[in-house]
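Below is one structure; the comments refer to it alone.
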Amino acid sequence: MPNYRQNRRRFGRPSPRNDQPNSMPAAVVADEAALLPPVVAGPPVAPGAGVFGALLPALQRAVADEGYAEPTPIQEQAIPHVLEGRDLLGCAQTGTGKTAAFVLPLLQRLLADAGRVARGRPRALILAPTRELAAQIGASLRTYGRHVTCSHTVLFGGVSQRPQVVALRRGVDVVVATPGRLLDLMNQGQIRLDDLTCFVLDEADRMLDMGFLPDIRRIIARLPAERQTLFFSATLETAVVSLAQSMVRDPVHIAITPRQPTVARINQKVLFVDQTVKPQLLAALLDSPDITRVLVFTRMKHSASRVAERLHKTGVPAVAIHGNKSQNARNQALADFKAGRVRVLVATDIAARGLDVDGITHVINYDLPLEPETYIHRIGRTARAGAAGDAISFCSASERGLLTGIERLIRKDIPHDADHAHHSEAARAGGGGTGAKAQGQRRGPTPNARRPRRQGSVRSPARAVRA
């Protein structure tokens, strides 16, 4: 096995400072793939051992505890390179085992350089776009690190910062954070990134979708130049590639194309229904005993609460999760859903990515999403880890154009199921308007929307809670 104890003070290849040229091409063109290094396979490991055989025995034991015998493709290709200290640019869909692909080698490299951690100076930072994803990465660190000594904490808004500050003052090896809370604590002097040896940016495309690019650039500006950078994204659009160029140096490029795409493993169908009759159709579907654990997506926060309340009143255990819920309420809702205490979790798109719950048998799109890409992220909550799943979408007349956009994106017609009591021929024919305008939505900021904070402004601890 290679000697992973080399370069104890700083592991990984140096990354360029923000004012230095990087090794990737500067221009961004329409074909983003042309800018990336060739896709490569991982270094060889011991014959017959698989990539898990390169891990420390304690980490192998944790993997075995979870019942994993074979690595996924992203794990097979990424783990050896991360262990070698290479920068990495990974493109993989959700549900591919991506988190373990960076958590396991990260733990091993930190253990090879074990020592006392300074207060408020973590050795590794993992940045995630949502509280839920940050919490789940923290859970993975706890799961895979159960047999070793490697401390971590999770930083996100919506809860008191006091326990997070206490953990930082004790000193932790790994910090998992959302951008808003991390910058708040950095501006308060509670955390410094000078000792950082590894930086992981997860769900980069989702970060950009949520408007976090200015925050990410502020964080990158505070990172040491000599570090290992792991950059993960489900897509490689122009803006994502441009961001990657500013962060990684001589990266290994890994792109995972599943043998069978996630959407291909999911049994999809559309039910045409009038908007006002959607509650009755949902109740009728939930009468089926085959729908044992279901995730229902609505477009608006108030709709999620209303749907959950109606289901609860009819005797169906349901709970809602969305941005207006406190973090404690969201945590409790997820815990109840994972434990099987509630059968239905009603969510807005805050849970479309990063939500990893075993055994979700069905995803129901109560409202179709405005962006076709969101449909893929939603239904990807089922059919995890190679399993099959079902995705059922309600479509009213005003959503007909949204359905067309989804079918164009996935390059297939979603089967229509008219064999239900609430079928609407008017909805099937459309005519109620299409796209975002038909939904009464604006793609741009509304006149009453809060203006974005200027880039140079300083955050105050008294500011409204950030993700």
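Just to be sure, is residue 108 at pLDDT 95 or above and either assigned by TED's automatic domain parsing to the domain that holds residue 65 or touching a strand residue (DSSP E or B) at 6+ places or on another chain (Cβ under 9 Å) (or both)? Answer is yes for this residue. Residues in segment 380-411 that are in a loop (DSSP other than H, G, I, E, B), touching a residue at least 60 places away in the same chain (Cβ under 8 Å) and within 26 Å of residue 97 (Cβ to Cβ): 6 in all.
Each row is one residue, and each column tells you yes or no for (1) closer than 27 Å to residue 357 by Cα; (2) modelled with pLDDT of 95 or more.
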residue	(1), (2)
207	yes, no
211	yes, no
227	no, yes
238	no, no
262	yes, no
267	yes, no
270	yes, yes
299	yes, no
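For residue 238, the stated conditions hold: it is touching a residue at least 24 places away in the same chain (Cβ under 8 Å), loosely packed, with under 14 Cβ neighbours inside 10 Å and within 23 Å of the chain's Cα centre (by Cα).
Residue-wise test of (1) closer than 19 Å to residue 131 by Cα; (2) among the aliphatic types (A, V, I, L, M); (3) in contact (Cβ under 8 Å) with a residue 40 or more places away in the chain; (4) not assigned by TED's automatic domain parsing to the domain that holds residue 224.
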{"residue": "162", "(1), (2), (3), (4)": "yes, no, no, no"}
{"residue": "183", "(1), (2), (3), (4)": "yes, yes, yes, no"}
{"residue": "199", "(1), (2), (3), (4)": "yes, no, yes, no"}
{"residue": "205", "(1), (2), (3), (4)": "yes, no, no, no"}
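Consider segment 380-410 and keep the residues that are in contact with a strand residue (DSSP E or B) (Cβ under 9 Å, 6 or more places away or on another chain) and among the basic types (Lys, Arg). The one that is modelled with the lowest pLDDT is 381.
The residues listed here are 233, 246; of these, the one that is more than 30 Å from residue 338 (Cβ to Cβ) and in contact with a helix residue (DSSP H, G or I) (Cβ under 9 Å, 6 or more places away or on another chain) is 246. Checked against the criterion of being surrounded by fewer than 21 Cβ atoms within 10 Å (Cβ to Cβ) and either more than 17 Å from the chain's Cα centre (by Cα) or farther than 27 Å from residue 249 by Cα (or both), the candidates 88, 104, 168, 111 yield just one match: 111. Which of the residues spanning segment 187-217 are over 23 Å from residue 115 (Cα atoms) and crowded, with 18+ Cβ neighbours inside 10 Å? Passing the criteria: 201, 202, 203, 204, 205, 206, 207, 208, 209, 212, 215, 216. Determine whether residue 254 is surrounded by 15 or more Cβ atoms within 10 Å (Cβ to Cβ), at pLDDT 90 or above, under 22 Å from the mean Cα position of the chain (by Cα) and under 26 Å from residue 325 (Cβ atoms). For residue 254, the condition - surrounded by 15 or more Cβ atoms within 10 Å (Cβ to Cβ), at pLDDT 90 or above, under 22 Å from the mean Cα position of the chain (by Cα) and under 26 Å from residue 325 (Cβ atoms) - is not met. All told, residue 377 falls short of being in contact with a Phe, Trp or Tyr (Cβ under 7 Å, 6 or more places away or on another chain), on the phi < 0 side of the Ramachandran plot and at pLDDT 50 or above. Can you say whether residue 309 is assigned to a helix (DSSP H, G or I), acidic (Asp, Glu), farther than 30 Å from residue 163 by Cα and within 19 Å of the chain's Cα centre (by Cα), as far as the supplied structure shows? Answer is no for this residue.
The values are calculated or read from the model by the stated rules, or taken from the named source; none is laboratory data. A quick note: this is a predicted structure, and the numbers were derived from the prediction, not measured. Glycine also receives a Cβ, built like all others from the backbone with ideal geometry; neighbour counts cover every protein chain displayed.
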